[in-house]
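The values are calculated or read from the model by the stated rules, or taken from the named source; none is laboratory data. This one's a predicted model, so the numbers in the text were calculated from it and none came from an experiment. Quick reminder, even Gly has a Cβ in these numbers, built from the backbone with ideal geometry, and neighbours come from all protein chains shown. These area figures cover heavy atoms from the full protein model, side chains too; ligands, DNA and RNA do not enter into them. Shrake-Rupley method; radii C 1.70, N 1.55, O 1.52, S 1.80 Å.
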Amino acid sequence: MKQIHVINLEQMGGVERLLLQYIKASSDKKNIILCISNHVGTEIQHHLIEKKVYFANRLFNNLPIRCPKILRKYWLSWKISKISADCVIVWDLIPEFFIKPKNTKLLYYDHGSSWRYTINSKTMRFFGMLDGVISVSQASKRVMELRFNLPCAHLVVLNRLITPIGINHIAKSLTEPVRLGTASRLVSLKGISVSILTLHELICRGHNIILEIAGQGPEQEELQRLANKLELNNYVRFSGFQENMSVFFNRVDIYMSTPITESFGLSCMEALYYGIPVIFPIIDGQPEVICDGVCGIGIYPTVSIKHHQNLSGIKINFSYHVYDPVSDVLVQPKLLSHIECANAVEQLIVPKRYRKFSHNAQRYTRSHFSYDAFQKKFQKALHSFSLKKY
């Protein structure tokens, strides 16, 4: 099946990582990448050494000269028509087409962007062209149903990772000092400031604990200022982009996931592979990744954006609703309480409980996170859409 993948590859994120491993693992070589951005991020380039990338908006593929903006919807439609694929998969973005691509199936893969799409003519025109939608999680599907009520078929294929390399399979035990870890793009939506406040609370309670923050992003200076303000410079390490995540995960004891919204936490899933218990918010798709009370501790967010800003000095610009998976409704966004996070850490650093949660985490990945099963289910979803008449 010849597939065109329309995606933005400017920087590495969850959806980009998913596509890269999908193409790497796919036995079908008819995968064509049509990149919406004008460049491919440096952290992505080495994954595509043997794969040609076509640029949707370039006049000449090997030269970064972009088509005039007013003509891009025509240019994109023309490029897709020239390739003549069985299906076009748009990965977590809304492109603008002059007309719906002919003689192919137009599919949309949602990895969480549907939470933030403005409901306007451009959005609804694109959604009206779709032959089908695949969602990363049940939460993603429900958000799209509650916000857009699309008439096309909508399937859920839970995200999975190829089993990470470098996992230390020796039974994990707590280190001294206990090391909290979090890894993501350093943006305010990830709520990393909650983890810093949690660390401060734990140190005030007399615990010997440090925090490692892996990743890069525009909020790094603000996060460093918060750590400095709380006199945590000797307890917080900003380790930057991690080329080899196994090194990071093998030295972390407890993984902190404290975002304001998260469709499906891949970094949490990866932490579980390494036997790391996860503290996470019960929002969006997070409970579909971590089993509360088994391999992690889930907490209901209770802190308003304004109150968190008063606590941390960090402003979070997020004016959208999030999904409450317990009540099955869209609600106002809130963040985790750093006091409740500290309480959860204290529960996990009891050695016997920690060993149990760590053991459960690795066992859970073996029973629930088969990448082969994901690959087959994803292909089955594509074929089910392709069998429907135009």
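Answer with yes or no whether F385 is in contact with a strand residue (DSSP E or B) (Cβ under 8 Å, 6 or more places away or on another chain) and under 30 Å from P101 (Cα atoms). Judged against the criteria, F385 is a match. Per the listing I167, I203, I210, the residue uniquely more than 21 Å from N317 (Cα to Cα), β-branched (V, I, T), outside the structural domain of D284 (by the TED database) and touching a Phe, Trp or Tyr at 6+ places or on another chain (Cβ under 9 Å) is I167. Looking only at residues in region 277-295 that are surrounded by 24 or more Cβ atoms within 10 Å (Cβ to Cβ) and more than 13 Å from the chain's Cα centre (by Cα), the one that is farthest from K352 (Cα to Cα) is I283.
Note on region 249-263: residues that are assigned to a strand (DSSP E or B) and in contact with a Ser or Thr (Cβ under 9 Å, 6 or more places away or on another chain) total 2.
None of E221, E231 is free of Cβ contacts under 8 Å to residues at least 12 places away in the same chain, open to solvent by 40 Å² or more (accessible area, probe 1.4 Å) and closer than 19 Å to I316 by Cα except E221. When region 77-112 is limited to residues that are free of Cβ contacts under 8 Å to residues at least 24 places away in the same chain and either among the polar types (S, T, N, Q) or outside any loop (DSSP other than H, G, I, E, B) (or both), the one that is most open to solvent (accessible area, probe 1.4 Å) turns out to be K82. Within region 8-31, the set of residues being part of a loop (DSSP other than H, G, I, E, B) and either modelled with pLDDT of 90 or more or open to solvent by less than 20 Å² (accessible area, probe 1.4 Å) (or both) comprises N8, L9, E10, S26. Of the residues making up region 130-149, those that are open to solvent by 20 Å² or more (accessible area, probe 1.4 Å) and touching a residue at least 12 places away in the same chain (Cβ under 8 Å) are D131, Q138, K141, R142, L146, R147.
Note on region 338-388: residues that are more than 30 Å from L155 (Cβ to Cβ) and free of Cβ contacts under 8 Å to residues at least 40 places away in the same chain amount to 5.
Checking S246, S239 one by one, the residue that is surrounded by fewer than 17 Cβ atoms within 10 Å (Cβ to Cβ), part of a helix (DSSP H, G or I) and of a type in the set (S, T, Y) is S246 and no other.
When L34, L59 are checked against the criterion of being modelled with pLDDT of 90 or more and either open to solvent by 40 Å² or more (accessible area, probe 1.4 Å) or touching a Ser or Thr at 6+ places or on another chain (Cβ under 7 Å) (or both), a single residue qualifies: L59. Residues considered: H5, H46. Of these, the only one that is free of Cβ contacts under 8 Å to residues at least 24 places away in the same chain and either hydroxyl-bearing (S, T, Y) or outside any loop (DSSP other than H, G, I, E, B) (or both) is H46.
One line per residue, one yes/no per condition, for (1) in a loop (DSSP other than H, G, I, E, B); (2) crowded, with 17+ Cβ neighbours inside 10 Å; (3) touching a residue at least 40 places away in the same chain (Cβ under 8 Å):
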site	(1), (2), (3)
R125	no, no, no
P151	yes, no, no
T163	yes, no, yes
N168	yes, no, yes
A171	yes, no, yes
T182	no, yes, yes
L189	no, yes, yes
L197	no, yes, yes
H207	yes, no, yes
